[in-house]
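If you scroll down you'll find the structure; I have some questions about it.
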Amino acid sequence: MEARLNPFTNPVIGKVFKHLIAAGKELADSTLPVSTQELVKLRASQINGCGFCTDMHFKDAVQAGESPERLNLVAAWREATVFTEAERAALELTEEATRIADAAGGVPDEVWDNAAKHYDEDQLGALVGVITVINAFNRGNVMLRTPAGDYRPGQFH
């Protein structure tokens with residue numbers, strides 16, 4: 001499978017992706033735990049059907065020390081016992097924000113309030129940023145049909 005456009009050689013989408021990568025680097029330096037960031041990126045990528053990002057964030061999370069068992073359960077986090085209450089709140093916010101078109105009123109207050117119980121204002125800002133950036137990447141890569149499977153951990157760092 002080949003991508004419709006190569007985001008690494010197309011000058012226009014390449015510039016857009018460079019800005020998204022820069023935003024991601026800012027978020028990586030935030031106080032939001034890296035493990036939470038990777039769980040959020042993986043879950044949004046699963047929901048959006050982005051094979052490239054699902055592959056990338058699974059591999060990056062494992063490289064960063066996350067267990068494959070926990071990562072395997074991200075899609076079923078509600079039934080899994082391996083996530084903290086804070087992680088569960090972040091995953092719920094991720095799902096609601098990623099599926100925002102499915103909810104007439106956007107993200108429900110109770111979902112936001114639950115996340116706010118576990119994260120301070122800076123971490124909430126980072127969480128919103130991570131969800132926003134990964135959804136942008138997912139949508140771009142799905143449109144481009146960017147192939148999955150060849151990513152090497154840290155390839156874009």
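The values are calculated or read from the model by the stated rules, or taken from the named source; none is laboratory data. Quick caveat: nothing in here was measured; it's all calculated off a predicted structure. Cβ: placed from backbone, ideal geometry, glycine included. Neighbour counts: every protein chain shown.
In the set Leu27, Leu5, which member is in a loop (DSSP other than H, G, I, E, B) and aliphatic (A, V, I, L, M)?
Going through Leu27, Leu5 in turn, the sole match is Leu5.
Kindly indicate whether any position in the range 119-141 is surrounded by fewer than 21 Cβ atoms within 10 Å (Cβ to Cβ), farther than 26 Å from Ala86 by Cα and under 17 Å from the mean Cα position of the chain (by Cα).
Yes - at least one qualifying residue is present in the range 119-141.
Among residues belonging to the range 24-33 that are of a type outside the set (Asp, Glu) and surrounded by fewer than 16 Cβ atoms within 10 Å (Cβ to Cβ), point out the one that is farthest from Ala89 (Cα to Cα).
The selected residue is Lys25.
Right, something else. Looking at the range 92-105, I want the residues that are in contact (Cβ under 8 Å) with a residue 12 or more places away in the chain and have a partner that is surrounded by 20 or more Cβ atoms within 10 Å (Cβ to Cβ) and charged (D, E, K, R) with Cβ atoms under 8 Å, at least 6 apart or on another chain. Which pairs are those?
Pairs that qualify, where the first residue is in contact (Cβ under 8 Å) with a residue 12 or more places away in the chain and the partner is surrounded by 20 or more Cβ atoms within 10 Å (Cβ to Cβ) and charged (D, E, K, R), are Thr94/Arg43; Glu95/Arg43; Thr98/Arg43.
Inside the range 115-157, can you point out the residues that are over 20 Å from Arg88 (Cβ atoms) and of a type in the set (A, V, I, L, M)?
Within the range 115-157, Val133, Ala136, Val142, Met143, Leu144, Ala148 meet the criteria.
Report, ordered by the first and then the second residue, all pairs with beta carbons closer than 7 Å, sequence separation of six or more or different chains, a first member in the range 63-82 that is farther than 22 Å from Gln155 by Cβ, and a second member that is among the basic types (Lys, Arg).
Partner pairs satisfying both residue conditions: Trp77/Arg88; Val82/Arg70.
Right, something else. Taking the options Ala115, Ala89, Ala44, name whichever one is under 22 Å from Pro153 (Cβ atoms) and at pLDDT 95 or above.
Ala44
Can I ask one more? From the set of residues in the range 106-117 that are touching a residue at least 12 places away in the same chain (Cβ under 8 Å) and over 18 Å from the mean Cα position of the chain (by Cα), which is nearest to Asn48 (Cα to Cα)?
Only one residue fits best here, namely Pro108.
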